[in-house]
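Can you keep this structure in mind? I'll have questions shortly.
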Amino acid sequence: MMFKKILIANRGEIACRVITTARRMGIATVAIYSDADREALHVRMADESVHIGPAPANQSYIVIDKVMQAVRATGADAVHPGYGFLSENSRFAEALKAEGVAFIGPPVGAIEAMGDKITSKKLAQAAGVSTVPGYMGLIGDAEEAVTISRGIGYPVMIKASAGGGGKGMRIAWNDTEAREGFQSSKNEAASSFGDDRIFIEKFVTQPRHIEIQVLADSHGNTLYLHERECSIQRRNQKVVEEAPSPFLDPATRRAMGEQACALAAAVGYTSAGTVEFIVDGARNFYFLEMNTRLQVEHPVTELITGIDLVEQMIRVAAGEALAFTQADLRINGWAIESRLYAEDPYRGFLPSIGRLSRYRPPVQEAAPDRAVRNDTGVYEGGEISMYYDPMIAKLCTWAPTRDAAIEEMRIALDTFEVEGIGHNLPFLSAVMEHPVFVAGEMTTAFIAEEWPDGFDGVRLADPALRRVAAACAAMHRVAEIRRARISGRMDNHERVVGTDWVVTLQDTSWPVTVRADRGGADVRFDDGLCLRVESDWTPGASLARLMVGEAPLVLKVGKAVSGFRIRTRGADLKVQVRTPRQAALAALMPVKLPPDTSKFLLCPMPGLIVRLDVAEGDEVQEGQALCTVEAMKMENILRAERKGVVARISAQVGDNLAVDAVIMEFA
Amino acid sequence: MNGILQELEARRGAARAGGGAARVAAQHAKGKLTARERVELLLDEGSFEEFDMFVAHRCTDFGMGDSRPAGDGVVTGWGTVNGRMVYVFSQDFTVFGGSLSETHAQKICKIMDMAMQNGAPVVGINDSGGARIQEGVASLAGYAEVFQRNVLASGVVPQISLIMGPCAGGAVYSPAMTDFIFMVKDSSYMFVTGPDVVKTVTNEVVSAEDLGGASTHTRKSSVADGAFENDVEALAEARRLIDFLPSSNREKPPVRPFFDDITRIEPSLDTLIPANANTPYDMRELIAKIADEGDFFEIQSEFARNILTGFIRLEGSTVGVVANQPLVLAGVLDIDSSRKAARFVRFCDAFEIPILTLVDVPGFMPGTAQEHGGVIKHGAKLLFAYGEATVPKVTVITRKAYGGAYDVMSSKHLRGDFNYAWPTAEIAVMGSKGAVEILYRGEAGDAEKVAARTRDYEARFANPFVAAERGFIDEVIMPRSTRARVCRAFASLRGKRLSNPWKKHDNIPL
């Protein structure tokens, strides 16, 4: 019997995503919401909604009793848990079972079995799944360590059992290093943790995070829906995912898929689940863990297989058998997902909260040769609060090939308008342009290696820069013609808008000639390059969709003196378009350096001062904690950048500060 | 014949060279453009026609007779900004330090007289060391001639001052009487007495920048209406401002083609007002979402930030905006914000620019600083300005409209044409907390009773309907449709005719 009403025990984009499928299947939906989510999109979308408490999740979304009350009050006959919150909580699954309400997820036993790292690894080994080779027993001396290392095969990682944060960890590539590494790890472990137990496991080089989507019904069918490549992560937070992986060959894919199914079958798994593997540069793969829920990045799998995973989860939970077989599950084209986070990439990805004064995602569409999908939980005019995960949307593109899917993603990111909060759109664009990503050669260290000092924007290279310059020249001409058509002109003595301009952007100036006709404009550079610019852009529009030199270009267009603020491909440019004479005079203007703010401690994000660690007159050392700002549940400790004396403190504990508000001043 | 033509070219060349290559280079080294370069950037390319290029001073004292450069330190004439006529004078610092002589002043007066006669704005570019000391009282007389014309031109043609170098002593009073003053950061300053005199008289040690730089005058003194990074940006923005202004009080504000939907619906405005009445929000978002293409030319953005003033366009036509800013001091009215808004309202009224007022005001700022500073008279300026204004006036109350501040902010009673309120509006004598404390003083200790009284009060007054029942609010509108409603309201007022009783002039509480 198909369910009549599903309660979604979640919020944000995943709640909205589940509601969409349920509605398509003719099933009524119930949303739950906290104080902070009264106006949230998932509440607006659901047929019914139930308030379940204060904003913090531990007083609302993850309180089993409150969710159970909502289930009873609305008479829902099934619950979809989404991801996070209660999705992998076996007590919640038990509680539902006890009341005869279906849990749209795996059986309690499977959740429990996979919920423990050691148990799951043992189960995986037993099911014939490849696991990271290692020795968990006690190791007596260095010689024993060498023997074990040889057995595992170099390189190996020697780790303190009690370790963490890289302490007491050594990588050994040969016997000598294994001998030395064992001794130094042991010493360090003893002094750091007071526990000198050491274990050794295979060190996975050039690691990639690749996971297998599995789907099983209660009739003994367990299938794999191929893999997702999730190597692009920042501090274990996935940023960009894709399916299939550019790295796997069919044999590896099949081996991983079959092992994943074997594990699922071994624990009596039903519903959708994900088996995560770490894969080395030689395509050796090792089991990491199994996630017994719908994964955040599931849309890329849906895009390449055409299967709606939420629908399948609902059908399986209702007792239906899967209506397809492994042979039906082919890989069609390529899909990429970019996670849009309310995090400011220019400020070390600190969370950003506030009102979304503008939120215009690209139009979703599904054509034979391209698709754009945006799973979102927010809307323009909505509020990003500090209480929950900063992910606000998942933008996916699909195309027949990987290159085409990347190009679709570039355009989609350029089209995505988000204002009012800091967000990582520029960073996502930068990833899409990065040669390592384009070549599909990324590992889990990609972001840390390519942006070791953080992200400070993108500098466009030619020809991309010239394409922007050409577009701006043509757009500026249109804007100037509009200006010259103001009322009150002296008749017959109107201003004639010329054809010669100088475009200045990113410290470069290009003289150009703009010759316009009905369909567009030819922008000629002084070295002879001529780019045709065509667009329906009108002055004042915040988005320009153009064809420049026969290729599409999308620009976010903002206001700037004598030109535009342009955002495209991760770059944020001040573009000036002037007549040659204006440009010559502008070149005489002094270059002004931004004011020196090093004497101030500025609030890096909107947040609450929860602690001040220093007082006026205190001498502080470099790296000393000065105060703590709380934003999005996160406590951020602000430290002194250099030695100095606190001259003045202008904020107090309890103050709510805006970005760049002065907290204290140094002498 | 050829020789005569050549002589003209030679004389022109000499005049255009100003103070010579060395002084021009020195001017450039200071990050400043020359007088003629500034005029070029202000006006449409090739549109400048210079007057009095060959005027020279007639002073012979102190050896002045030996140096009589053509033009005498100021470039004057006219040209167009986007095809509309503008008169301009630009002081030339490379000639006698731009100092003002009798003839220099006469050149300025000539174009001001023409501007008033022909109905076009005057833009003055100030870069002058001050009076030409060698000329003595003749120079002072020159200033006064200019001042008198500033006064007569006020309200007849827009007058814009660009301070692009020194402007000190008596010289400051000419820009002071114009409609808008823009300064260039780091290279301009204005003061009545300079740092040296200040030190002698008051023993204060202060730099020229701190005493009268762009930052001081845009943030502290409110003498200036805006500051820009350099000459080029200041001149580009002056062009942008001129596009908003009518050429004279005989003309309607200009209209230019626009590419925005006049019925544009903004669903996000429905959530602009936070659930908590004490939470601020940014009124600029509302202005941007009402305006054509989100374009807002803000006046005095750095001063009295609790009120916003500036120009937008609706259906391509200029509208002045006055809006309380809840983000700063809860949008309260005080001395500074009243003065700032009053002057802006009077400018709009003088030049037939319709006024849109956006209201979220908790009242007037209490305190000795305010009372002793004369908030009564200063607040009255804004009340007076709105009350005398005969231009189309449309008002939207978004949230609070409390007490006397409700009356002041272009209320129905001050001849408001369209007075809209959002459903979130609260029009009352004061907020619920204060009202309950006064009405039920005896129950102050009983938290439960106070809460109940507060709820009652809120139910009765924390809405726009009490005012709407009396007709003080013409219509309660959906926030999302504000742009469409406001556009249509102003469209309906295009034929508005309203005049005040005849008087020599009024007596606004200055």
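The values are calculated or read from the model by the stated rules, or taken from the named source; none is laboratory data. Everything numeric in this text was worked out from a predicted model, so none of it was measured. Heads up, the Cβs are rebuilt from the backbone with ideal geometry, glycines too, and the neighbour counts pull from every protein chain shown.
Suppose we keep only residues that are more than 14 Å from chain B (Cβ to nearest Cβ) and under 26 Å from B:R84 (Cα atoms) within segment A:514-543. Which one would you say is surrounded by the fewest Cβ atoms within 10 Å (Cβ to Cβ)?
Our first condition is that a residue be more than 14 Å from chain B (Cβ to nearest Cβ); within segment A:514-543, this holds for A:514-534.
Pick out the ones that are also under 26 Å from B:R84 (Cα atoms) and you get A:514-516.
Working: A:V514: 23, A:R515: 13, A:A516: 16.
Checked segment A:514-543; the qualifying residue surrounded by the fewest Cβ atoms within 10 Å (Cβ to Cβ) is A:R515.
Another question, if that's okay. Answer yes if at least one residue in segment B:139-161 is in the same structural domain as B:T34 (by TED's automatic domain parsing), within 20 Å of B:L33 (Cα to Cα) and either outside any helix (DSSP H, G or I) or small (G, A, S) (or both), and no otherwise.
Of all residues in segment B:139-161, those in the same structural domain as B:T34 (by TED's automatic domain parsing) come to B:139-161.
Keeping just the survivors that are within 20 Å of B:L33 (Cα to Cα) gives B:160-161.
Within this subset, residues satisfying the condition of being either outside any helix (DSSP H, G or I) or small (G, A, S) (or both) are B:160-161.
Scanning segment B:139-161 turns up at least one residue that is in the same structural domain as B:T34 (by TED's automatic domain parsing), within 20 Å of B:L33 (Cα to Cα) and either outside any helix (DSSP H, G or I) or small (G, A, S) (or both).
Out of segment B:302-311, which residues are more than 14 Å from every other protein chain (Cβ to nearest Cβ) and at positive phi?
B:A304
Among what's in segment B:250-265 and is buried (at least 18 other Cβ atoms within 10 Å of the Cβ) and facing chain A (nearest Cβ under 8 Å), pick the residue that is farthest from the chain's Cα centre (by Cα).
Narrowing segment B:250-265 to residues buried (at least 18 other Cβ atoms within 10 Å of the Cβ): B:253-254, B:256, B:258, B:260.
Remaining after also requiring facing chain A (nearest Cβ under 8 Å): B:254, B:256, B:258, B:260.
Numbers: B:P254: 17, B:R256: 21, B:F258: 24, B:D260: 26 Å.
Here the residue is B:D260.
Which of the residues spanning segment B:227-249 are assigned to a loop (DSSP other than H, G, I, E, B) and either modelled with pLDDT under 95 or at the interface with another protein chain (Cβ under 7 Å from one of its Cβ atoms) (or both)?
Of the residues in segment B:227-249, the ones assigned to a loop (DSSP other than H, G, I, E, B) are B:229-230, B:243-249.
Of everything in segment B:227-249, those that are assigned to a loop (DSSP other than H, G, I, E, B) and either modelled with pLDDT under 95 or at the interface with another protein chain (Cβ under 7 Å from one of its Cβ atoms) (or both) turn out to be B:E229, B:N230, B:D243, B:S247.
Only one of these conditions is not met by A:G53: (1) surrounded by fewer than 19 Cβ atoms within 10 Å (Cβ to Cβ); (2) in contact (Cβ under 8 Å) with a residue 24 or more places away in the chain; (3) not basic (K, R). Which number is it?
A:G53 satisfies every listed condition except (2).
Suppose we filter B:I287, B:I262 for residues that are outside the structural domain of B:V328 (by TED's automatic domain parsing), in contact (Cβ under 8 Å) with a residue 24 or more places away in the chain and among the β-branched types (V, I, T); which single one remains?
Working: B:I287 fails: outside the structural domain of B:V328 (by TED's automatic domain parsing).
Going through B:I287, B:I262 in turn, the sole match is B:I262.
Against the condition part of a strand (DSSP E or B), surrounded by fewer than 20 Cβ atoms within 10 Å (Cβ to Cβ), among the small types (G, A, S) and free of Cβ contacts under 8 Å to residues at least 24 places away in the same chain, how does A:G558 come out, does it pass?
yes
Can you confirm whether segment B:150-167 contains a residue that is out of contact with any helix residue (DSSP H, G or I) (no Cβ under 9 Å at 6 or more places or on another chain) and either within 14 Å of chain A (Cβ to nearest Cβ) or modelled with pLDDT of 95 or more (or both)?
Applying the first criterion (out of contact with any helix residue (DSSP H, G or I) (no Cβ under 9 Å at 6 or more places or on another chain)) to segment B:150-167 yields B:151.
In the following step, the residues that additionally are either within 14 Å of chain A (Cβ to nearest Cβ) or modelled with pLDDT of 95 or more (or both) were identified as B:151.
Scanning segment B:150-167, I find at least one residue that is out of contact with any helix residue (DSSP H, G or I) (no Cβ under 9 Å at 6 or more places or on another chain) and either within 14 Å of chain A (Cβ to nearest Cβ) or modelled with pLDDT of 95 or more (or both), so the answer is yes.
Here's another thing I want to ask about it. Hey, could you check segment A:624-667 for residues that are under 19 Å from A:G354 (Cβ atoms) and assigned to a loop (DSSP other than H, G, I, E, B) and say which is nearest to the chain's Cα centre (by Cα)?
The extreme case among them is A:M632.
While we're looking at this one, here's another question. Any residue at all in segment A:224-244 that is within 15 Å of A:P299 (Cα to Cα) and not in a strand (DSSP E or B)?
Within segment A:224-244, one or more residues are within 15 Å of A:P299 (Cα to Cα) and not in a strand (DSSP E or B).
If you take the residues in segment B:37-54 that are more than 10 Å from every other protein chain (Cβ to nearest Cβ) and crowded, with 21+ Cβ neighbours inside 10 Å, which one is farthest from B:I111 (Cα to Cα)?
In the first step, residues of segment B:37-54 are kept if they are more than 10 Å from every other protein chain (Cβ to nearest Cβ); the result is B:39, B:42, B:48-54.
With crowded, with 21+ Cβ neighbours inside 10 Å added as a condition, the list becomes B:39, B:42, B:52.
Numbers: B:V39: 14, B:L42: 16, B:D52: 10 Å.
Selected residue: B:L42.
Here's another thing I want to ask about it. Among the residues of segment A:143-164, count how many are closer than 13 Å to A:D196 by Cα and either outside any loop (DSSP other than H, G, I, E, B) or in contact with a helix residue (DSSP H, G or I) (Cβ under 7 Å, 6 or more places away or on another chain) (or both).
5
Yes or no: A:V372 assigned to a strand (DSSP E or B), within 14 Å of chain B (Cβ to nearest Cβ) and touching a residue at least 24 places away in the same chain (Cβ under 8 Å)? Reasoning before the result, please.
On the way: assigned to a strand (DSSP E or B): yes; within 14 Å of chain B (Cβ to nearest Cβ): no; touching a residue at least 24 places away in the same chain (Cβ under 8 Å): yes.
Against the criterion (assigned to a strand (DSSP E or B), within 14 Å of chain B (Cβ to nearest Cβ) and touching a residue at least 24 places away in the same chain (Cβ under 8 Å)), A:V372 does not qualify.
Then there is this: Quick one: which residue in A:G151, A:G168, A:G164, A:G140 is more than 10 Å from A:F203 (Cα to Cα), modelled with pLDDT under 80 and surrounded by fewer than 15 Cβ atoms within 10 Å (Cβ to Cβ)? Break it down stepwise before answering.
Working: A:G151 fails: modelled with pLDDT under 80; A:G168 fails: surrounded by fewer than 15 Cβ atoms within 10 Å (Cβ to Cβ); A:G140 fails: modelled with pLDDT under 80.
Exactly one residue qualifies, and that residue is A:G164.
Could I ask something else about it? How many residues does segment A:483-513 contain that are of a type outside the set (D, E, K, R), in contact with a helix residue (DSSP H, G or I) (Cβ under 8 Å, 6 or more places away or on another chain) and either within 9 Å of chain B (Cβ to nearest Cβ) or not in a loop (DSSP other than H, G, I, E, B) (or both)?
Of the residues in segment A:483-513, 10 are of a type outside the set (D, E, K, R), in contact with a helix residue (DSSP H, G or I) (Cβ under 8 Å, 6 or more places away or on another chain) and either within 9 Å of chain B (Cβ to nearest Cβ) or not in a loop (DSSP other than H, G, I, E, B) (or both).
Quick check on B:A277: is it assigned to a loop (DSSP other than H, G, I, E, B) and in the same structural domain as B:D179 (by TED's automatic domain parsing)? Give the derivation first.
Values: assigned to a loop (DSSP other than H, G, I, E, B): yes; in the same structural domain as B:D179 (by TED's automatic domain parsing): no.
No, not satisfied.
Still on this model: Does any residue of segment A:398-419 turn out to be within 14 Å of chain B (Cβ to nearest Cβ) and surrounded by 22 or more Cβ atoms within 10 Å (Cβ to Cβ)? Show your work before the answer.
Here is the first cut: in segment A:398-419, the residues within 14 Å of chain B (Cβ to nearest Cβ) are A:417-419.
Adding the requirement that they be surrounded by 22 or more Cβ atoms within 10 Å (Cβ to Cβ) leaves A:418.
Yes: one or more hits.
Going through segment B:55-84 one residue at a time, which ones are among the small types (G, A, S), within 13 Å of chain A (Cβ to nearest Cβ) and within 16 Å of B:M112 (Cβ to Cβ)?
The one that is among the small types (G, A, S), within 13 Å of chain A (Cβ to nearest Cβ) and within 16 Å of B:M112 (Cβ to Cβ): B:G79.
Here is a follow-up. Considering only segment A:339-357, I want to know if a residue exists there that is more than 20 Å from A:E241 (Cα to Cα), small (G, A, S) and within 14 Å of chain B (Cβ to nearest Cβ).
Yes; the residues of segment A:339-357 include at least one that is more than 20 Å from A:E241 (Cα to Cα), small (G, A, S) and within 14 Å of chain B (Cβ to nearest Cβ).
Considering every residue within segment B:205-214, establish whether at least one is of a type in the set (G, A, S), more than 26 Å from A:L593 (Cβ to Cβ) and more than 12 Å from chain A (Cβ to nearest Cβ).
No, segment B:205-214 contains no residue that is of a type in the set (G, A, S), more than 26 Å from A:L593 (Cβ to Cβ) and more than 12 Å from chain A (Cβ to nearest Cβ).
Ok, one more. Does B:Y173 count as buried (at least 21 other Cβ atoms within 10 Å of the Cβ) and either of a type in the set (K, R) or away from chain A (no Cβ under 14 Å) (or both)? Please lay out each step first, then the result.
On the way: buried (at least 21 other Cβ atoms within 10 Å of the Cβ): no; either of a type in the set (K, R) or away from chain A (no Cβ under 14 Å) (or both): yes.
No.
Do the conditions hold for B:L269, that is, is it within 12 Å of chain A (Cβ to nearest Cβ) and under 30 Å from A:G382 (Cβ atoms)? Explain how you work it out, then say what you get.
Numbers: within 12 Å of chain A (Cβ to nearest Cβ): yes; under 30 Å from A:G382 (Cβ atoms): yes.
For B:L269, the condition - within 12 Å of chain A (Cβ to nearest Cβ) and under 30 Å from A:G382 (Cβ atoms) - is met.
Then there's this: Does segment B:93-106 include one or more residues that are in contact with a Pro (Cβ under 7 Å, 6 or more places away or on another chain) and either more than 14 Å from chain A (Cβ to nearest Cβ) or under 22 Å from B:M177 (Cβ atoms) (or both)?
Checked segment B:93-106: at least one residue is in contact with a Pro (Cβ under 7 Å, 6 or more places away or on another chain) and either more than 14 Å from chain A (Cβ to nearest Cβ) or under 22 Å from B:M177 (Cβ atoms) (or both).
Tell me which helices (runs of 4 or more DSSP H) are completely within segment B:312-401 and hold 1 or more residues being under 27 Å from B:A277 (Cβ atoms), in the same structural domain as B:I290 (by TED's automatic domain parsing) and among the acidic types (D, E), or say none if there are none. Write out each step before concluding.
Numbers: elements: B:335-350, B:368-372, B:375-388.
In segment B:312-401, B:335-350, B:368-372 are the helices (runs of 4 or more DSSP H) which contain 1 or more residues that are under 27 Å from B:A277 (Cβ atoms), in the same structural domain as B:I290 (by TED's automatic domain parsing) and among the acidic types (D, E).
State yes or no: is B:I299 touching a Gly at 6+ places or on another chain (Cβ under 6 Å) and either more than 13 Å from chain A (Cβ to nearest Cβ) or within 30 Å of A:S385 (Cβ to Cβ) (or both)?
Taking the combined requirement at face value, the residue satisfies it.
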